[in-house]
1. Can you confirm whether residue 15 is out of contact with any Gly (no Cβ under 9 Å at 6 or more places or on another chain) and at pLDDT below 95?
2. When residue 118 is evaluated against the numbered criteria (1) of a type in the set (A, V, I, L, M); (2) farther than 19 Å from residue 57 by Cα; (3) touching a helix residue (DSSP H, G or I) at 6+ places or on another chain (Cβ under 9 Å), which criterion, by number, is the only one it fails?
3. Which residues, counting only those in the range 98-129, are touching a residue at least 60 places away in the same chain (Cβ under 8 Å), loosely packed, with under 14 Cβ neighbours inside 10 Å and not β-branched (Val, Ile, Thr)?
4. Residue under question is residue 61, and the condition is that it be over 18 Å from residue 140 (Cβ atoms) and at pLDDT 95 or above; does it hold?
5. For the range 50-70, give me each residue that is buried (at least 24 other Cβ atoms within 10 Å of the Cβ) and either of a type in the set (D, E, K, R) or more than 14 Å from residue 116 (Cβ to Cβ) (or both).
6. Can you give me the number of residues within the range 22-49 that are touching a helix residue (DSSP H, G or I) at 6+ places or on another chain (Cβ under 7 Å), surrounded by 18 or more Cβ atoms within 10 Å (Cβ to Cβ), in a helix (DSSP H, G or I) and free of Cβ contacts under 8 Å to residues at least 60 places away in the same chain?
Amino acid sequence: MKLLRTIRFDPSDTFVFDRAAEPGEWVVSGAFMFADADPATLTGKARTAFRAGLLGIGSFGWSTLAQIVEASDQDHAAVTELLARQLVAQCGAPGLAQARAAAAEEVAFAASLCTHPADTLIAVHRTSDNGGIREASESCVRATARSRCAPSRSSKWKATRNPATRSISRR
């Protein structure tokens, strides 16, 4: 099984988000954080988080990039439980049982983005779409002599749009 962890190449996340996720933190998409927001009214750092942020579940901070990593069943259970507890503490979920169900759904979506090999980088892009949120992801695979991606002169990474997208209805 694979899940996502934050990765930070430079300090830019600490400038573009109100709260930056810690490097190496487990991450989910975080689109649910905007379910009650009107994206058209978001500005500054909140708008950046809406458009391109992945949510670190320990800090509830944002990251621009995540890395696909191998995860054990215990990791999966711990990630789901931590997110459920955060949904109660940070988002006012009515109870742990409901929060666990929501957390399981979010972790499953994050896992669905992990179709590429470990160490692939993932970014998200969100837009407002007919009163809801449309979310898509992009992957970036390191191009090496052994990979299926041929290295280019300008980049050691090959970016691809992923087919996994979802729409989230605003409440």
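The values are calculated or read from the model by the stated rules, or taken from the named source; none is laboratory data. Note that the coordinates shown come from a computational prediction; the quantities given were computed from them, not determined experimentally. Don't worry about glycine lacking a Cβ; one is built from the backbone with ideal geometry, like all the others, and counts go over all protein chains shown.
1. Numbers: out of contact with any Gly (no Cβ under 9 Å at 6 or more places or on another chain): yes; at pLDDT below 95: no.
No: the conditions fail for residue 15.
2. Checking residue 118 against (1) of a type in the set (A, V, I, L, M); (2) farther than 19 Å from residue 57 by Cα; (3) touching a helix residue (DSSP H, G or I) at 6+ places or on another chain (Cβ under 9 Å), the one that fails is (3).
3. The initial filter retains those residues of the range 98-129 that are touching a residue at least 60 places away in the same chain (Cβ under 8 Å), namely 102, 106-107, 109-111, 113-114, 118, 121-128.
Next, only the ones that are loosely packed, with under 14 Cβ neighbours inside 10 Å stay: 118, 125, 127.
Matches in the range 98-129: 118, 125.
4. Yes: the conditions hold for residue 61.
5. Selection gives 53, 54, 55, 56, 57, 62, 63.
6. Final tally of qualifying residues: 1.
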